[in-house]
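These notes are about the structure you will find just below.
Every read-out reported here was derived from the displayed coordinates using simple, explicitly stated rules and does not represent laboratory data. This one's a predicted model, so the numbers in the text were calculated from it and none came from an experiment. Neighbour counts are summed over all protein chains in view; Cβ atoms, including those assigned to glycine, are modelled from backbone coordinates with ideal geometry.
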Amino acid sequence: MTSNPIFQITAIPALQDNYIWAIHNDHRAVVVDPGEAEPVLAFLTSRSLKLESILCTHRHADHIGGIAELREVYNVPVYGRRHPNNPHITNDLREGDRLGLEAFGIEFDIIEIPGHVDDHIAFIAPGILFCGDVLFGAGCGRNFEGTPEQLFHSLQRLAQLPDSTLVYCAHEYTAANLRFALACEADNPALKQRITTTGQLRAANQITLPSTIALEKATNPFLRCTQPEIIRTLQHRGLTDASELGAFTAMRAWKNHF
């Protein structure tokens, strides 16, 4: 949970390993990527909150599966990028758009971050990043649509955000991603520390998110494609194109089968 004097951001666990993020105060809430409705309705009821709107990063079922049921109870707008396979979007958002949540004093900048799927967007406000399935704790999403170059470019854009930006991604994948990161860069001391911290959090049944851009740049191999140890590891696996994009592409392919 993250809080400031005007609002809090709380994780609502859903499905197998999803987090639906709720931005809320004592009266109102906005939810991000509600893959199912029941846990959101329970959260709202338990805190006597009224749902104001829904934010959607992309069209996958585990991010939109609860929208229709939520809108039967709360007839609220759904903000995201329109796509033929996402019938729920009422307010289309594109690169360069801004979305203000007046009740919370938040204004999001919208950027398009393709590479996981074509319709993926990120919601960015000072200190806050909702990045869906593009950037994960110590990892990144699979390249389902588009090219590895698009996914690489999207991640590079996110990595340019201020180091203190809190990263609210949509899945509890950090521990598994760290095992792959260690295979890529076994001598990284920041990575070893994150593995210890993550293990402690999970043993205490606590979540590993949000992370920060600084932590991701220090430990996420997909943001560290120029590091000599990672290049050497990939070369031992047959890498011939040692460019940053070449290393990223090889690493993403390796992770698919890790």
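The figures follow:
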item: Fraction of beta bridges assigned by DSSP in the chain that are antiparallel (%, nearest 5); result: 70 percent
item: Gyration tensor verdict on the chain (Cα atoms; rounded if a/c is under 1.5, prolate if a/b is larger than b/c, oblate otherwise); result: prolate
item: Extension gain (nm, one decimal) between THR45 and ASP118, 0.36 nm per residue minus Cα-Cα; result: 22.8 nm
item: Trypsin sites (Lys or Arg not before Pro) lying in DSSP loop within segment 116-191, provided at most 15 other Cβ fall within 10 Å; result: ARG142
item: Tilt relative to the chain, helix 38-47 - C-alpha long axis, 0 to 90 degrees, to 10; result: 60 degrees
item: Rounded to the nearest 20 debye, dipole of segment 1-122 from Cβ charges on Lys, Arg, Asp, Glu; result: 240 debye
item: Rounded, prolate or oblate (a/c below 1.5 giving rounded, otherwise prolate when a/b exceeds b/c) for segment 73-162 by Cα gyration tensor; result: oblate
item: Dipole in debye (nearest 20) - segment 175-256, about Cα centre, beta carbon charges: Lys, Arg +1; Asp, Glu -1; result: 240 debye
item: Lysines with Cα under 18 Å of LYS192, excluding same-chain neighbours fewer than 8 positions away; result: LYS217
item: At q = 0.13, 0.18, 0.25 Å⁻¹, base-10 log of I(q)/I(0) for segment 31-100 (Debye sum, equal scatterers on each alpha carbon); result: -0.34, -0.64, -1.13
item: Helix 244-256 axis, angle to the chain major axis (alpha carbon atoms, nearest 10°); result: 70 degrees
item: Folded to 0 to 90 degrees: helix 189-203 orientation relative to the chain principal axis, Cα; result: 40 degrees
item: 13 Å beta-carbon shell around ARG232, net charge (K/R +1, D/E -1); result: -1
item: Square roots of 5 times each gyration tensor eigenvalue, C-alpha, segment 175-256, largest first, Å; result: 25, 12, 11
item: Rounded, prolate or oblate (a/c below 1.5 giving rounded, otherwise prolate when a/b exceeds b/c) for segment 91-236 by Cα gyration tensor; result: oblate
